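Presented below is the structure to which this report refers.
The values are calculated or read from the model by the stated rules, or taken from the named source; none is laboratory data. For clarity, every value in this text was computed on a predicted model and none was experimentally measured. Here Cβ is always computed from backbone atoms with ideal geometry, including for glycine, and neighbour counts include all displayed protein chains. Just so you know, the surface numbers come from the protein's heavy atoms only, side chains and all, with ligands and any DNA or RNA stripped out. Shrake-Rupley method; radii C 1.70, N 1.55, O 1.52, S 1.80 Å.
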Amino acid sequence: MEDTTANVIAIATVINLIVLIIVSRIIFRLTEPFFLILGASIAAIFAVIGFYFIRRNNHTRRRKLETIIASEGKELRIEYSFLRKVAGLPTKFRFKELEQATENWKYLIGKGASGSVFKGVLIDGTEVAVKRIQHGEERGEKEFRSEIAAIASVQHVNLVRLIGYCIQNNNLHFLVYDFIPNGGLSNWIFTSSSSVINNNFTGCLSWKQRLNVAIDVAKALAYLHHDCRSKVLHLDVKPENILLDTNYNAIVSDFGISKLMKRDDSRILTSMRGTRGYIAPEWLLGSGISEKSDVFSYGIVLLELIGGRRSVKAINVDGDGARRKYRYEYFPQIVTEKLKSGTIMEVVDQRMLDLEQTGQIDEDEVKKLVHVALWCIQHKPRRRPSMVEVVKWLEGRTTVEEPPETTMMVVDLLSIAKGEDGGWHNRNKKRKPGVVARVASQINGCLPLVGNNVSTSRSKSFTYSMSIISPR
Ligand SMILES: Nc1ncnc2c1ncn2[C@@H]1O[C@H](COP(=O)(O)OP(=O)(O)OP(=O)(O)O)[C@@H](O)[C@H]1O
């Protein structure tokens, strides 16, 4: 377009000049003014031609540059998206893409404190689990941020991969994960679980599968605690957050309340969250947490893997409705007693024993796992092993010694949602360490593990019940 304009101007100027010369020749008959006008006209012609060439030259150079920049930009974009994929960096999805992937939120696969999880398929065929986080629910914005911060920087075969995220508006966020086909471990070790919604994947894991799960989870935690730039504390290790893939390999998920900790720090102070039954005593007492708090939760999960039951079981002993009274059974205490009396096989999941046809589970193997678990749930964090040590014990690379007896502390809210399996379930996760500390200081000596009145509703006021079992 600019070229054509410049050509027209040049031609028009030349025609003008010719006309001017002819007119001047007739009027001025080759007088002095004629030559002056001629000179000026020739200068004008050169100016126009020069201007034309300079413009043309600039224009060509600009176009060349634009082509180079465009191709380099494209290359950079390709390289960037490749690097994101290789580095496992999460992609930002549009809400519409997620609506299409989940067929308008058709398949609900799980529900937690912070939102619901739906199954979906991305355009490229990748199966995903989309977690919808509605702010205003128990967790929310904070969970969304900490989950992205923690998981975006870690990559391990036993950790769930965050594929992407989506921010629809201020109070509706989404996290997109790899879909893990066999769902939560809780569905495979407990007889029934309230967490099962549209999920048919339940059953009973064999001893070998349970041992593999224990090793996988230990490896994932060892990686988070020792191999990342900052220590990553998961802080919500429990069977619901351990997913199983098609081959029953364990994948640790849900980084909603995880925390990053500097390598040099030995502990951090943070408000108490987590799930009842799995929370380490130091958190309940407000004395600061560390990677050893994950080790404690892991120890509880290990015992639950062996026994196929929750660590705390509320058994209705008297009354009904709001007046119901419960007796609590604390599985770690039962295990300790059975170990002492030489009857450890009595704590092993009966379903699994039936499956394996008694005799196929080696008692020494059971003892080894129990020892590891009891080391992990030592009351004093410094007595607990590192997850690296746990991996070595489980893989048989080093021998695990018999653990010392330990104080066991059971602290929880009075408002308990009792599940079908008699276990405590995932409600009222926020607690106040200050309150716990006060309750703890009132306890003088040891309390027997006894029942309380239990309300099944969600309580807004935080009341604590605490029992301490000390070694005899
Ligand atoms: N990537 C996944 N693949 C398959 N199922 C999943 C996946 N992520 C979660 N689920 C299912 O959804 C359930 C709830 O998910 P999740 O625990 O992450 O939600 P949540 O709100 O963080 O729960 P909570 O905070 O109470 O632990 C899980 O127990 C599991 O059954």
Sorted by accessible area (1.4 Å probe), largest first, how do HIS234, HIS226 line up? HIS226, HIS234
Give me the 1.4 Å probe accessible area per residue for the stretch 185-288, excluding ligands and nucleic acids, in Å². 37 Å²
Mean Cβ-within-10 Å packing, highest first, puts peptides 270-281, 163-174, 254-265 in the order 270-281, 254-265, 163-174
For q values of 0.16, 0.19 Å⁻¹, compute log₁₀ I(q)/I(0) with the Debye formula on a Cα-only model of the stretch 92-262, without solvent. -0.95, -1.32
Built amide H within the under 5 Å cut-off of MET272, gap 5+: ARG431
Amide H of ARG161: which non-local residues (sequence gap of 5 or more, or other chain) have their own amide H closer than 5 Å, using H built in the peptide plane? ASP178
Starting from the residue with the highest accessible area, list LEU221, LEU122 in decreasing order, probe 1.4 Å. LEU122, LEU221
Residue-by-residue Karplus 3J(HN,Hα) for the stretch 255-267, coefficients 6.51, -1.76, 1.60, Hz, glycine and proline x: 9, x, 10, 5, 9, 9, 9, 5, 4, 7, 6, 9, 7
